[in-house]
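The values are calculated or read from the model by the stated rules, or taken from the named source; none is laboratory data. Computed from a predicted model, the values in this text were never measured in an experiment. As a convention, Cβ positions derive from the backbone with ideal geometry for all residues, glycine included, and neighbour counts pool all protein chains shown.
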C-alpha cells in the first residue's frame, strides 16, 4: 500500500508543481498515476493467484511428517503384496506404466488424486498410507515357492514369478519364468534397465526391435530392456528361464 500512495502522491505533486499545465496534460498525468496503481494491484492479485494454484497443483511431497522417499517404497511394497506388475497397476489406476515406475523409484511424487487412485487399487487409502500404524515388512533370507509373487495375469500362458523377500533396499530383481507351448509375452515390451537370463529348459525366441534371436537350453542373454522386446516359446514343450533385472521394479 505505501508504494501505491507514493506513486499516486508523486503524480499529484507533479501536477501541482506544474500549475500552468493545460487541462489535457493534467488528465494524462492523472490517468498514468491511476494506471500504475491498477498495475500494482494486478501484480499483487496475480501473485496470490499463482500461490493458490501452486498449492492446489503441488505433488505429494510430505504428509503427516512422512518423508517423500517413503512414498515410492510403500507403493512398491503394496503392489508386490497384491502380486501386481507395474503395468497391471498402471492400467487399473488409469495412469501410465512409466509413471508407476518413476513413482516407485522416487523420481517423481504423485499428485494427490493420482495417489488416491493408486491406493484404491492396492486396497489402501491416504489415512492408512501415512499413519503411524504403517509397518515395514521384515526382509527374509529364504523365499519359498508360496512366497513368490506372480506378476502375470491369471489368464496368461506366461508365468513371471518374482523372488520377493520384502527388502526395501535391494537393487536387483529376480524372476522365475515359465512359458507354456506356443506362448509369448506382451508384444514389444520396453522398460528402463538391464536384464540377464538363462534358458534352463526348452527354447525361446527373443525379438529385440527388428532382430530375432533363438536361444536353446543352457544359452544366456543380456539385453538393454529400453529396447522393445518380446519373448516367444515357438515349441510344443514348456520353456523355463531364470532372469535378473535392474531396477528391481517390473
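Quick grid of which residues meet (1) closer than 22 Å to residue 105 by Cβ; (2) without any contact (Cβ under 8 Å) to a residue 24 or more places away in the chain:
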{"residue": "147", "(1), (2)": "no, yes"}
{"residue": "155", "(1), (2)": "no, yes"}
{"residue": "167", "(1), (2)": "yes, no"}
{"residue": "186", "(1), (2)": "yes, no"}
{"residue": "212", "(1), (2)": "no, yes"}
{"residue": "223", "(1), (2)": "yes, no"}
{"residue": "238", "(1), (2)": "no, no"}
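In the condition set (1) at pLDDT 95 or above; (2) in a helix (DSSP H, G or I), residue 221 is compliant with all but (2).
Taking region 114-131 as the range and being farther than 17 Å from residue 81 by Cβ and free of Cβ contacts under 8 Å to residues at least 40 places away in the same chain as the test, the residues that pass are 114, 116, 117, 127. Only a single criterion out of (1) surrounded by 20 or more Cβ atoms within 10 Å (Cβ to Cβ); (2) more than 21 Å from residue 162 (Cβ to Cβ); (3) touching a residue at least 60 places away in the same chain (Cβ under 8 Å) is not satisfied by residue 104, namely (2). Does residue 241 meet the test of being in a strand (DSSP E or B), touching a strand residue (DSSP E or B) at 6+ places or on another chain (Cβ under 6 Å) and more than 18 Å from residue 162 (Cα to Cα)? It is false that residue 241 is in a strand (DSSP E or B), touching a strand residue (DSSP E or B) at 6+ places or on another chain (Cβ under 6 Å) and more than 18 Å from residue 162 (Cα to Cα). Report whether or not residue 160 is buried (at least 17 other Cβ atoms within 10 Å of the Cβ) and either under 19 Å from residue 77 (Cβ atoms) or in contact (Cβ under 8 Å) with a residue 60 or more places away in the chain (or both). Considered against the rule, which asks whether it is buried (at least 17 other Cβ atoms within 10 Å of the Cβ) and either under 19 Å from residue 77 (Cβ atoms) or in contact (Cβ under 8 Å) with a residue 60 or more places away in the chain (or both), residue 160 comes out as yes. Within region 169-184, restricting attention to residues that are farther than 18 Å from residue 87 by Cβ, touching a residue at least 40 places away in the same chain (Cβ under 8 Å) and under 27 Å from the mean Cα position of the chain (by Cα), the residue that is surrounded by the most Cβ atoms within 10 Å (Cβ to Cβ) is 174.
Restricting attention to region 199-210, the residues being without any contact (Cβ under 8 Å) to a residue 12 or more places away in the chain and assigned to a strand (DSSP E or B) number 0. Every listed requirement among (1) surrounded by fewer than 18 Cβ atoms within 10 Å (Cβ to Cβ); (2) out of contact with any strand residue (DSSP E or B) (no Cβ under 8 Å at 6 or more places or on another chain) is met by residue 189 save one, (2).
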